[in-house]
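Input: a single structure, listed below in structure tokens.
The values are calculated or read from the model by the stated rules, or taken from the named source; none is laboratory data. Please read these numbers as outputs of a predicted model, since none were measured by experiment. Here the Cβ positions follow ideal geometry from the backbone for every residue, glycine too, while neighbour counts run over all protein chains shown. Please note that ligands, DNA and RNA were not included when accessible areas were found on the heavy atoms of the full protein model with its side chains. Shrake-Rupley method; radii C 1.70, N 1.55, O 1.52, S 1.80 Å.
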Amino acid sequence: LTNGPDNVFSRRKFTGWSYLASVNYQITPDKLVYAKTAKGFRGGAFGRSIDLMAEPEIAKDYEVGFKGDWLDHRLRTNLALFLTNYSNKQVSIQICSATGVPPVGGSCPLGTGFSTIVRNAAAARLKGVEGEFTFRPIDRLTINASASAIKAYYTDWPGAVSGEGAPLGNAKGLPTVTGVYSPPNWQGSVGGRYELDVGEGVLGL
């Protein structure tokens, strides 16, 4: 529901369906491989007018992975490869309130401001790999580590504009998130916990 010019209201109902299917295969009691696929959608979005700004966004996910215990259950590994294809991906861009078009050279006509609207990019893709590891070298010490490599980019977006409204041409190959708040392509963490008996309780460091 949106409130447009002259207090005119616009309504539209968005419907869609989603699914998730998976299959697992237990290689041994301690090792398993799996594959899954899923589909989801985000409802369409209205802007500051009675016109529909964005159609629903569709995402289709594919993932394969391996889970295993090693060294008499002292080492656990979880590995996954994943891919998500987006169609009608929704993006937020700025337009000049007076003209309804992106600002030229980063500025709007004198005395007018910006509005943020949601529009559809044609298609995008997210792919990556991630791993989680838990190691217990001795009974009181547990070490945890994780690592991931992710790449998210447009596969097609003719007439693309940046979030500030700057024209980009066809954004094919450009990352879906740019600027100061872009997430890193590579991420990782390492942590540990050592436990000591203290009286009738346990102290964890």
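Could you grab me the full set of residues in segment 153-195 that are open to solvent by less than 60 Å² (accessible area, probe 1.4 Å), hydrophobic (A, V, I, L, M, F, W, C), outside any loop (DSSP other than H, G, I, E, B) and at pLDDT 80 or above?
Ala160
Against the condition modelled with pLDDT of 95 or more and aromatic (Phe, Trp, Tyr), how does Phe135 come out, does it pass? Steps first, answer last, please.
Details: modelled with pLDDT of 95 or more: yes; aromatic (Phe, Trp, Tyr): yes.
It is true that Phe135 is modelled with pLDDT of 95 or more and aromatic (Phe, Trp, Tyr).
Before we move on, is Arg125 open to solvent by 40 Å² or more (accessible area, probe 1.4 Å), in contact with a Ser or Thr (Cβ under 6 Å, 6 or more places away or on another chain) and either closer than 30 Å to Phe82 by Cα or modelled with pLDDT under 95 (or both)?
Numbers: open to solvent by 40 Å² or more (accessible area, probe 1.4 Å): yes; in contact with a Ser or Thr (Cβ under 6 Å, 6 or more places away or on another chain): yes; either closer than 30 Å to Phe82 by Cα or modelled with pLDDT under 95 (or both): yes.
Against the criterion (open to solvent by 40 Å² or more (accessible area, probe 1.4 Å), in contact with a Ser or Thr (Cβ under 6 Å, 6 or more places away or on another chain) and either closer than 30 Å to Phe82 by Cα or modelled with pLDDT under 95 (or both)), Arg125 qualifies.
What about Thr2, is it at pLDDT 90 or above and open to solvent by less than 100 Å² (accessible area, probe 1.4 Å)? Steps first, please.
Details: at pLDDT 90 or above: no; open to solvent by less than 100 Å² (accessible area, probe 1.4 Å): yes.
For Thr2, the condition - at pLDDT 90 or above and open to solvent by less than 100 Å² (accessible area, probe 1.4 Å) - is not met.
Looking at Ile150, Ile143, Ile117 in this structure, which one is β-branched (Val, Ile, Thr), in a strand (DSSP E or B), surrounded by 16 or more Cβ atoms within 10 Å (Cβ to Cβ) and at pLDDT 75 or above?
When all the criteria are applied, what remains is Ile117.
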